[in-house]
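Undergrad: Before anything else, here's the structure in question.
Taken together, the values in this text are just the output of simple stated rules run on the coordinates, not laboratory data. Keep in mind the model is a prediction, meaning the values are calculated, not measured. Cβ sites come from the backbone with ideal geometry, for glycine too, and all protein chains shown count toward neighbours.
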Amino acid sequence: YPLRRQRQMCIRDRYTHLFHRKGFLDEREFSLIERNYRELRAGLPGPDLVVRLSAPLDVLRRRLLARARTIDLAQIVTLDDLPVLEALLDDWLTTHPPRQLLEIDVQGEDEGFSGAVRRVVALAGTLE
């Protein structure tokens, strides 16, 4: 299954949990989305590698504030939600064996994460 789709599914799943916690989704809506997600995931192979790009929360806050967004995400996801999203991601990562996890600290990376990309590409070549 393409890496991009797996990443999108993880992000959607974590944001779904956040939106439920914030009251944007009621229990019935959340349950429907959860069932759909689990059924989709059940038919897909797990990832060979999960890459987590990490940086301290203050770095993430600065980066988010520096972005020029065309929509106002602050109404939906606030800077205060970053620790919640991190905890949800941590929870999701426990479903993967540690040998399949690669965490890269990107606080000093450029905007394109070129150093992290090089590390992932080099590692991916060894997985086949």
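Undergrad: Whose amide H sits under 5 Å from the amide H of Ile104, counting only residues 5 or more places off or on another chain, with H placed in the peptide plane?
TA: Arg52, Leu53, Ser54
Undergrad: Same structure, new question: Once amide H atoms are placed 1.01 Å from N in the peptide plane, what residues at a sequence separation of 5 or more from Leu49, or on another chain, have their amide H within under 5 Å of its amide H?
TA: none
Undergrad: Find how much the distance from Asp91 to Asp105 grows on full extension, using 0.36 nm per residue of separation minus their present alpha carbon separation; answer in nm with one decimal.
TA: Computed gain between Asp91 and Asp105 is 3.2 nm.
Undergrad: Sticking with this structure for a sec: Tell me which of Val84, Gly125, Leu60 sits at the most positive position along the dipole axis of region 27-128, charges placed on C-beta atoms (Lys, Arg +1; Asp, Glu -1).
TA: So the residue furthest toward the plus end is Gly125.
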